[in-house]
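Below is the structure I would like to discuss, written out as structure tokens.
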Amino acid sequence: MYSNRLGNLPPYLFAQIDELKEEQVKRGVDVIDLGIGDPDLPTPPHIVDALCRAARDPANHHYPSYTGMNEFRDAVAAWYRRRFSVNLDPESEITALMGSKDGIAHIPEAFVNPGDFVLVPDPGYPVYRTSTLFAEGRVHEIPLLAENGFLPDLSAIPPQVVKKAKILFLNYPNNPTAATAPMEFFDEVVDFACEHDIIVVHDNAYSEVSFEGYRAPSFLSAHGAMEAGIEMHSLSKTYNMTGWRIGMACGKMEVIKGLRRVKTNIDSGVFNAVQHAAIAALTGPQDSIREASDVYQERRDLLVGGLREMGFPVALPQATFYVWMPVENGFEFARRLLNEAGIVVTPGVGFGRYGEKYVRFAITRSKERIEEALDRMRGLDL
Ligand SMILES: *Cc1c(COP(=O)(O)O)cnc(C)c1O
């Protein structure tokens with residue numbers, strides 16, 4: 001009954017963990033879920049107010065524009081200028097997304113022909129792979145290894161793959177490894193992409209979740225990046241707006257144009273009231289960003305400190321709300337934590353085979369819950 005396209009999708013590797021979790025919940029276990037990549041903090045009130053006001057205005061009850069309202073794209077341009085010193089033309093270099101997942105899921109449709117390669121980081125956000133498969137492209141995994149700071153070695157990609165590669169997906173600060181990338185890496189990426197005519201799609205969903213003064217760069221601020229590709233950003237993690245579905249793609253005009261053409265045929269844009277809320281977010285007070293990062297930083301210190309005391313060699317992340325921990329067997333480790341301690345963590349293999357010897361903790365739960373999780377772990381022989 002189902003298409004080959006669906007049949008070709010990789011198995012959903014989190015399903016087994018979901019099942020085990022359900023079992024525990026049914027048995028009445030107080031499960032601590034550190035598997036969720038979704039902020040537990042609420043959307044700031046001034047943004048919620050902007051939505052409510054806009055929702056009551058009948059002018060917003062119609063189909064929105066496909067590319068996003070002018071005021072939304074202007075707000076994005078102003079935010080990029082202020083935050084990254086990147087200048088964007090709102091007309092041609094910015095388009096609205098229903099979250100960055102929308103952009104990631106649809107960009108291969110615009111540029112990948114059957115048999116073309118897409119360079120996909122492994123471990124990585126699973127949609128890079130599935131969007132490639134939907135477009136009948138071929139996935140070439142680029143390993144992210146601890147010894148390289150979880151940055152890919154572009155020179156290790158076989159020349160015959162490079163020749164047929166259309167898109168290079170990247171994501172720093174990175175989910176799931178929590179690694180960050182220095183500007184020099186982005187410079188190297190621009191040179192590589194321009195030399196081989198590959199479109200860079202940088203997913204910057206976590207640029208605003210960072211610690212101890214670290215400020216993540218935009219790929220677009222690398223010299224020549226506007227010729228090399230685009231960056232997706234989203235209000236989801238930045239303003240605790242995952243359920244609102246709004247983000248943006250910015251950068252190279254021709255790439256934005258291709259993405260717009262695909263999306264025009266699939267969706268009809270982001271509800272105007274949500275765009276008004278996003279304008280309030282991007283142009284209003286930015287204190288909530290610092291406050292959220294401060295909350296995550298305390299949780300990070302608590303979790304990493306506790307794990308290190310138990311003897312786990314875990315790195316202190318500079319950004320994202322994840323802790324990426326090396327273990328013997330990530331799946332077994334996650335299964336044991338769930339069955340023996342009622343703690344959900346994500347097995348790294350769900351992000352690709354190079355994640356097999358890791359688990360990911362999401363610090364999207366309170367300090368009290370993280371402390372409780374550590375207590376339970378101390379009682380196990382891990
Ligand atoms: C959360 C996440 C996204 C998707 O975010 P939306 O904007 O809510 O679609 C994209 N990429 C990565 C790496 C993420 O973790």
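How about the range 292-309: which of its residues are in contact with a Leu (Cβ under 7 Å, 6 or more places away or on another chain) and either more than 13 Å from F361 (Cβ to Cβ) or not assigned by TED's automatic domain parsing to the domain that holds R369 (or both)?
A292, V295
For the condition away from the ligand (no atom under 16 Å from the Cβ) and either assigned to a loop (DSSP other than H, G, I, E, B) or within 18 Å of L282 (Cβ to Cβ) (or both), what is the one hit in A78, A110? First the steps, then the outcome.
Values: A110 fails: either assigned to a loop (DSSP other than H, G, I, E, B) or within 18 Å of L282 (Cβ to Cβ) (or both).
Selected residue: A78, the only one of A78, A110 that is away from the ligand (no atom under 16 Å from the Cβ) and either assigned to a loop (DSSP other than H, G, I, E, B) or within 18 Å of L282 (Cβ to Cβ) (or both).
Where in the range 153-239 are there helices (runs of 4 or more DSSP H), lying fully within it, with 1 or more residues that are within 16 Å of the ligand (Cβ to nearest atom)?
Values: elements: 159-163, 183-196, 225-228, 235-238.
Correct list: 235-238.
State whether one or more residues within the range 364-371 are outside any helix (DSSP H, G or I) and either crowded, with 18+ Cβ neighbours inside 10 Å or in contact with a strand residue (DSSP E or B) (Cβ under 9 Å, 6 or more places away or on another chain) (or both).
We begin by selecting, within the range 364-371, every residue outside any helix (DSSP H, G or I); these are 364-366.
Then drop every residue that is not either crowded, with 18+ Cβ neighbours inside 10 Å or in contact with a strand residue (DSSP E or B) (Cβ under 9 Å, 6 or more places away or on another chain) (or both), which leaves 364-365.
Scanning the range 364-371, I find at least one residue that is outside any helix (DSSP H, G or I) and either crowded, with 18+ Cβ neighbours inside 10 Å or in contact with a strand residue (DSSP E or B) (Cβ under 9 Å, 6 or more places away or on another chain) (or both), so the answer is yes.
All but one of (1) within 22 Å of G137 (Cβ to Cβ); (2) in contact with a Leu (Cβ under 7 Å, 6 or more places away or on another chain) hold for F185, so report the exception by its number.
Here F185 meets the rest and fails (1).
Here's another thing I want to ask about it. Pairs please, first residue from the range 185-211 and over 17 Å from M248 (Cβ atoms), second anywhere and within 11 Å of the ligand (Cβ to nearest atom) and of a type in the set (S, T, N, Q), Cβ atoms under 6 Å, 6+ apart in sequence or on different chains.
The qualifying pairs are V209/T320.
Okay, next question. Do you know which of the residues in the range 240-273 that are without any contact (Cβ under 8 Å) to a residue 24 or more places away in the chain and in a loop (DSSP other than H, G, I, E, B) is nearest to the ligand (Cβ to nearest atom)? Explain how you work it out, then say what you get.
Our first condition is that a residue be without any contact (Cβ under 8 Å) to a residue 24 or more places away in the chain; within the range 240-273, this holds for 243, 254, 265.
Subsequent filtering for residues that are in a loop (DSSP other than H, G, I, E, B) retains 243, 265.
Numbers: G243: 9, N265: 20 Å.
Out of the qualifying residues, it is G243.
How about the range 43-55: which of its residues are part of a loop (DSSP other than H, G, I, E, B) and within 16 Å of the ligand (Cβ to nearest atom)?
Across the range 43-55, the qualifying residue is only T43.
The values are calculated or read from the model by the stated rules, or taken from the named source; none is laboratory data. Since the structure is predicted, the reported quantities are computational estimates derived from the model, not experimental observations. For neighbour counting, all protein chains shown are included, and Cβ atoms are generated from backbone atoms with ideal geometry for every residue, glycine included.
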